Amino acid sequence: MRSTVWGGVAAILGIGCLTVGASAPAGAEELRIGYLAPTTGIFAQVGTDMINGFQMYLDETKSTFAGTPVKFIVEDTQGKPDIAVTKARKLILQDKVQMIIGGLLASEGYALAPVSTAEKTLYIAPISAADDLTQRQLDKYPYFFRTGWTSSQPSHPFGQWACAQGYKKIDAVAADYAFGYEVVGGFQKSFEDCGGKIIQKIWPPLGTKDFGPYIPTLKQDADAIFSLMVGPMALQFPKQLAAAGNKLSVIGGGTSYDEFVLPFMGDEVLGHVSALQYSAALETPRNEAFVKAYRAKYGKVPGYYSESDYTTALMIDDVMKETKGKWPGPEQFIKLMSALKIEAPRGPVSFDDMRNPIQNIYIKKVEKKKMFGYDKEELWNVVIKTYPAVSQFGQYGKAEFLKQPVYSRDFPPCKYCE
Amino acid sequence: MGAQFWLIQAFNGISYGALLFLVASGLSLIFGVMRIVNLAHGSYFLLGGYVALSVINTTGSWALALPVAALAIAVVGLLMERVFLRVLGFDPLRQVLLTVGFAFLFQQAALDIWGGNNMDINPPAALTQSVVVGGLHLPLYRVFMIAMAAAIGLALWLAMEKTRMGAAVRATVDDAQMARGIGIDTARISMLIFALGAFLAALGGVIGGAFLGVYPGLDFEILPLAFAVVIIGGMGSLTGAAIGALLVGLADNFGKALFPEVSYFTLYAPMVLILAVKPTGLFGRE
Amino acid sequence: MSATGMTSQRIPVAIVVAVLVLVAIVVPLTGSFVILLATRALAFSILAMSLDILLGYTGLASLGQAAYLGVGAYLTAILAARYHIGLGWDFWLVVVLGMLLGAALAAFFGLFAIRATGVYFLMITLALGQCVWGLAYRWNSLTGGDNGINLGSRPRFGIDLADEVTFFYLVLGFFAVAMLSMYVLVRSPFGRSLVGIRERELRMKILGYNTWLHKYVAFVIAGGFGGLAGVLWAHTTGIVSPDTVVLTTSVDALLMVVLGGAGTLVGGALGAAIVIALREYLSTVVPWWQYVLGAVYVLTILYLPNGVMGIPALIRQRRAALGKRDASGLASASS
């Protein structure tokens, strides 16, 4: 009998504690921004970089956008999409935020977008790059806005660049998941449309560190290897490739060499070329100021995770300036944001009619040099070519592009695979 | 696919197996002697890598990092055994949960201490070269891994077979009660074996750090691999760990190269089959 | 105390019903976030309780129960997102299908797993769970791979489950029915033989019981309930991804049972409430919640071998021990 009373007491106490934490009153005349990123678990560092980027802009403006104080609430998604959803609901329903921002993985993006539709709340994604969120699935998500990129966006001009270099045959090796498929897919379509051939596609599982099984199978009659690696894969692949005596040129997707991994790489990546909408080595006054300030504050060179979030904060501030600090509601906010044209650290950014940025794509090469007055020689992604005002459809017309299916493991099909 | 392809794939598979042997041998001993299922074993591996990075950053010496990191984690293992695991006695379920709890604690602590960046251990330049043998490029670091695994395997075997301590350990594995009966201090043996297991895992972490990297999540990635080796080879058997590691390394390597479609199963499917047919593994005992 | 150190606590049904009624009344009065967490805890509890049948009553510790949660969840998601099945009255059909699929998968896996015991059972269920995870990850055309599948909306059949409170009541109802069925099961002769197998399998064999079959049936039943939990789980947040079947989910389930108290059924629900509160509630309050979770694992194992439900018994034991000491003290003082 006693044990059951205990059970009852425990239940009551438990519910009581939860009730106490329930709805807090919303502050008047402030902009409440909910931010969702992993702060624990294996992606914690990326999440931290994202938050730091946003926070830096808040600190520069003393957490005030156009005279309105900003309340910045960060919630840990733990890298799990369903926890991202529960936290998003908490931010919207309990903290009464006017917008939610963030999401790192494609699965988080796809999980949060429906929440934004259901709760009629603005959701801005600075990082989630899954193509279809602003392409074939856009209609499902009227409150979704993307300030970062689509996975295939840099790949389209990159394919053209590869043709211009005289490459005729390329081996592709990429992490076996949607992001990998989309980056390679965009590259393949563009490269093959200007006369190139992808003669091999290899897909090591996400998280592979020992590329022993894959490297010997790379076809040696190619002109170059295109690799798409993320995180720890990005560190190990070039090393093992070099150790295996590789003689082919190496090019890759933006995340293979971006500033999240670059400081931990060695000389084996010198000369490797990649494409992305941002490089910390971009030699403009705006970027130099950004990089120096970020490095001084957080001790590391900012990558696109941080830049994208900083720029998102900047964009929100710009819209608030237009409304003189008054929150105009999600629909009007989206209208105003779509009409923005700004100078971000990554260069000029505007938006297409599907709520995705139109921006420069930089072809960047890893070089060891001193930059921005720092006194040590370090690895930097030096910009060697700029393709201006690239949209998510690249050199293709929107209608024609949307007719084809989303890039996947089998699309575009490997016609020239030997 | 010519002979060159098969040779290089075999070499890669063997070198991967060498690394797995380092991680799994400790796990196998721990289970064999103490019947403990240690789900924090992957954490020892990762922490070894992190401590090595700290040593390299402060002293600049990679060679020093190897013993220092291994010893440091051996101490951690010792404490864990002495203070927490000994209390539980033989109870696989509770061991699993206790060690998983520690794995979570270690993961968070590592994040707080070293941050979450994907890091890499840089071995001395000499080891990053490749040696060309018969037209094949053999990365020296892989050769080093094989050599280390062989050396350690040999040292362990000698200790087990030729020393009195080793005999005591083998007695404890075979029949702990009888061993106590003839005066062997099984409690001390347990403690030493656990520390040795942690030592080996951490050493694997330092050596693996240059090959796999050092980053959050590596602990739970390496853990199923270590278990696969121990299960296939048989718990408590060093020979089993060696053969198991070789088999897993080769199977995983060839599986991924030849049948990439099933790359997520090349590890778990054989494990299930072996467990279903001979639960104690190839060289294990009941 | 039994050989395995577990006791079967007896809790009067009336008290459980009273607590359920209390929950039904109090939770909807809290904020939406708490209602959502309570719903998730109730859905996951069904999985935890099914694991308790395996662990607490049969003595089989499985590290792969998330697989059954996963197939139920993916089935629901695929039917809803691709074929628009399960969003009306056919929701009940999906429930039945989910249970059948969970049971079927367990029937298949059980053929491999039930031969093993102890550590080997842990390992083989771990490996089987990982196979399901691998499938969820690789079979892109079916599962969407790492993008996961979005369900879009909750079902409506006369009532609109998009309303959080309505959905909460539905899940609470399922929880109550599941708990009741499991209660009937463990009180039945079949359930009692499971306990017998947990305690002394050899003796049961000698007495003529087909212990393999008993364990197998328990495993299949647990799989069925796991599938049910999966169907509900998919609808709580509307997204299913390989993360649903990752190893940590299975480990969490095991912790929930042990934390709450193995062999009590109710313990699983209690443990689920605590772990979900830690992962999804505490993490909104403090950044160091992972340390709390790890500490809960460690301290539970060390100091609460019978879980939270075992606390009253522990207190009683302490009091009895103290009482004896006092009595002997009085005796010696008065002599």
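Only the coordinates and a few stated rules stand behind these numbers; no lab work does. Quantities reported herein were computed from a predicted structural model and do not represent experimental measurements. Positions of Cβ are generated from backbone atoms using ideal geometry, with glycine treated the same way; all protein chains shown enter the neighbour counts.
Using 1/(1 + (r/R0)^6) with R0 = 25 angstrom and r between the beta carbons of B:Leu140 and A:Lys368, what's the FRET efficiency to the nearest 0.05?
The value I calculate is 0.60.
With everything on Cα atoms, drop me the angle between helix C:91-113 and the longest principal axis of chain C, reported from 0 to 90° to the nearest 10.
The angle comes out at about 60 degrees.
Using label points projected 7 Å from each Cα along Cα→Cβ, tell me how many nm separate C:Leu202 and A:Lys385, to one decimal.
Calculated label separation equals 7.7 nm.
Could you list which residues have their amide H under 5 Å from that of A:Phe65, counting only those 5 or more apart in sequence or on another chain, with H placed in the peptide plane?
A:Val70
Per DSSP H run of n ≥ 4, the term is -39500 (n - 2.57); total these for chain C, divide by its residue number, and report the mean residue ellipticity at 222 nm rounded to 500 deg cm²/dmol.
It comes out at -23000 deg cm²/dmol, rounded to the nearest 500.
Can you put B:Val76, B:Val230 in order, fewest other beta carbons within 10 Å first?
Going from least to most buried by this count: B:Val76, B:Val230.
Over the alpha-carbon set of the range C:224-264, work out the extent along each principal axis and list the three values in angstrom, largest first.
31, 19, 17
Taking each residue in A:314-320, count the Cβ atoms of any other chain within 10 Å of its Cβ, then average. What number comes out?
0
Using the Cβ atoms and a cut-off under 15 Å, what net charge is assigned to the surroundings of A:Gly109, where Lys and Arg are +1 and Asp and Glu are -1?
Within the 15 Å Cβ shell, the charges total -2.
Give me the angle, in degrees from 0 to 90, between the Cα long axis of helix B:268-277 and the longest principal axis of the Cα atoms of chain B, rounded to the nearest 10.
Around 40 degrees separate the two axes.
If each residue's Cβ is checked for other Cβ atoms within 10 Å, how do A:Asp410, C:Asp90 rank with the fewest at the top?
Ranking A:Asp410, C:Asp90 by Cβ neighbours within 10 Å, fewest first, gives A:Asp410, C:Asp90.
Can you flag which of A:Lys71/A:Lys297; A:Lys87/A:Lys300; A:Lys62/A:Lys365; A:Lys415/B:Lys256; A:Lys300/A:Lys324; A:Lys239/A:Lys369 are past 31 Å Cα-Cα?
Table pairs above 31 Å Cα-Cα are A:Lys62/A:Lys365; A:Lys300/A:Lys324.
What FRET efficiency do you get for B:Ala126 and B:Ala167 if R0 is 25 Å and r is their Cβ-Cβ distance, rounded to the nearest 0.05?
0.05
So what are the radius of gyration and Dmax for the Cα set of the range C:146-302, in Å?
In order Rg, Dmax, the Cα atoms of the range C:146-302 give 18.6, 55 Å.
Largest first and in whole Å, give the semi-axes of chain B's equivalent ellipsoid, each being the square root of 5 times a Cα gyration tensor eigenvalue.
Over the Cα atoms of chain B, the ellipsoid semi-axes are 29, 23, 19 Å.
Would you mind giving the three semi-axes, in whole Å and largest first, of the ellipsoid equivalent to chain A according to its Cα gyration tensor?
38, 25, 22
Which aspartates and glutamates does A:Lys197 reach when only Cα atoms under 20 Å apart count, and residues fewer than 8 places away in its own chain are ignored?
Hits, sequence-local ones excluded: A:Asp171, A:Glu182, A:Asp221, A:Asp223, A:Asp410, A:Glu418.
What does the net charge come to around A:Lys341 if you take all other residues with beta carbon closer than 13 Å to its beta carbon, with K and R at +1 and D and E at -1?
Local charge sum for A:Lys341: -4.
Less than 13 Å Cβ to Cβ from B:Ser130, Lys/Arg counted +1 and Asp/Glu -1: what total charge do the surrounding residues give?
+2
Nearest 0.05, what FRET efficiency do A:Arg286 and B:Leu64 give at R0 = 35 Å with Cβ-Cβ as r?
After rounding to 0.05, the efficiency reads 0.20.
For B:Asp185 and B:Leu79, compute 0.36 nm times the residue count separating them, minus their Cα-Cα distance, and round to one decimal in nm.
Going from the current span to full extension adds 36.3 nm.
So for the pair A:Lys376, A:Asp318, with labels modelled 7 Å out along Cα→Cβ, what separation do we get in nm?
Roughly 3.5 nm, to one decimal.
Please provide three numbers in whole Å: the alpha-carbon extents of the protein assembly as shown along the principal axes, with the largest listed first.
Each principal axis gives a Cα extent; for the protein assembly as shown these are 97, 73, 56 Å.
Using a basic spin-label model with each label point 7 Å from the Cα along Cα→Cβ, how many nm lie between C:Tyr209 and A:Thr61?
6.9 nm
Beyond 24 Å, what percent of the Cα pairs of the range C:37-247 remain?
Of the Cα pairs, 40 percent sit more than 24 Å apart.
If you rank C:Thr39, B:Thr99 by fewest surrounding Cβ atoms within 10 Å, what's the result?
B:Thr99, C:Thr39
Taking the 0 to 90 degree range and rounding to the nearest ten, how far is the long axis of helix B:3-34 tilted relative to the main principal axis of chain B, both from C-alpha atoms?
Its long axis makes an angle of about 20 degrees.
Using Cα positions and a limit of under 13 Å, work out the aspartates and glutamates in reach of A:Lys80, with same-chain residues fewer than 8 apart set aside.
A:Glu108, C:Asp146, C:Asp243, C:Glu280
Summarise the long-distance tail of P(r) for the range B:46-141 by giving the % of C-alpha pairs beyond 16 Å.
68 percent
Would you list which lysines come within 24 Å of C:Lys205, measuring only between C-alpha atoms, while excluding same-chain residues fewer than 8 positions from it?
B:Lys278, C:Lys215
Using the Kyte-Doolittle scale, which helices in chain A average at least 0.0 and also have C-alpha atoms spread 15 Å or more along the helix axis, with helices defined as whole DSSP H runs?
A:2-20, A:106-119, A:232-243
Can you bin every Cα-Cα distance in the range C:65-107 into 10 Å intervals starting at zero and give me the percent of pairs per bin, rounded to whole numbers?
Percent of pairs per bin, in order: 32, 53, 15.
Based on the alpha carbons, how large is the Rg to Rh ratio for the range C:1-147 when Rh follows Kirkwood?
1.02
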